[in-house]
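*Asks:* Following this message is one structure expressed as structure tokens.
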Amino acid sequence: MGVPEFWRYNGELWRIYQLQAREYLELEASPTFGFVPKVKLYEFLMQVQQDEIAAEQLLRELVD
């Protein structure tokens, strides 16, 4: 692919990959959004399924 970072979510597991030395390695945190713990990303996904507006507010709190 050649992109520096990508995420995969299969409905249960969120995986974060980063290109390093021509191969993708799985990481526990996004290098781009390292200030947002993976557990918060899961919370966001659960919230968006219940209430998109509340999920947007949660996301704004995470990035502010």
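Any read-out appearing in this document is the output of simple, stated calculations on the displayed coordinates, not a laboratory observation. Quick caveat: nothing in here was measured; it's all calculated off a predicted structure. No Cβ is skipped: glycine too gets one built from the backbone with ideal geometry, and neighbour counts run over all protein chains shown.
*Asks:* Counting other C-beta atoms within 10 Å, which of MET1, MET46 has the fewest, and how do the rest follow?
*Replies:* Ascending Cβ contact count within 10 Å gives the list MET1, MET46.
*Asks:* Moving to a separate point now. Using every pair of alpha-carbon atoms in the chain, split the distances into 5 Å bins beginning at 0 and state the percent of pairs per bin, rounded to integers.
*Replies:* Over the chain, the share of Cα pairs per 5 Å bin runs 4, 17, 24, 21, 18, 10, 5, 1, 0 percent.
*Asks:* Calculate, in nm to one decimal, what GLU52 and LYS40 gain on full extension: separation in residues at 0.36 nm each, minus their alpha carbon distance.
*Replies:* 2.8 nm
*Asks:* Same structure, new question: Using each residue's phi in segment 13-25, evaluate 6.51 cos²θ - 1.76 cosθ + 1.60 at θ = phi - 60° and report the 3J(HN,Hα) Karplus result to the nearest Hz, with x for Gly and Pro.
*Replies:* Computed from phi, the couplings for segment 13-25 are 10, 10, 10, 10, 10, 10, 6, 9, 6, 6, 9, 8, 10 Hz.
*Asks:* Rank these for me by crowding, ILE16, ILE53, going from fewest to most other beta carbons within 10 Å. It would help to have the intermediate numbers written out before the result.
*Replies:* On the way: ILE16 21, ILE53 9.
The most exposed by this proxy come first: ILE53, ILE16.
*Asks:* How high is the relative contact order of segment 6-48, in percent, counting Cα pairs under 8 Å that sit 6 or more residues apart?
*Replies:* In percent, rounded to a whole number, it is 23.
*Asks:* Among the chymotrypsin sites (Phe, Trp or Tyr not before Pro) within the chain, which fall in a DSSP loop and have no more than 14 other Cβ atoms within 10 Å of their own Cβ?
*Replies:* Counting only loop positions with at most 14 other Cβ atoms within 10 Å, the chymotrypsin sites (Phe, Trp or Tyr not before Pro) in the chain are PHE35.
*Asks:* Report, to the nearest 10°, how far helix 52-63 tilts away from the longest principal axis of the Cα atoms in the chain, using its own Cα long axis and a range of 0 to 90°.
*Replies:* 60 degrees
*Asks:* If you line up the long axis of helix 38-50 against the longest principal axis of the chain, both from Cα atoms, how many degrees apart are they, to the nearest 10?
*Replies:* Orientation of helix 38-50: about 50 degrees from the principal axis.
*Asks:* Only counting other Cβ atoms within 10 Å, I'd like GLU23, GLU43 sorted with the fewest neighbours first.
*Replies:* Least to most surrounded, the residues fall as GLU23, GLU43.
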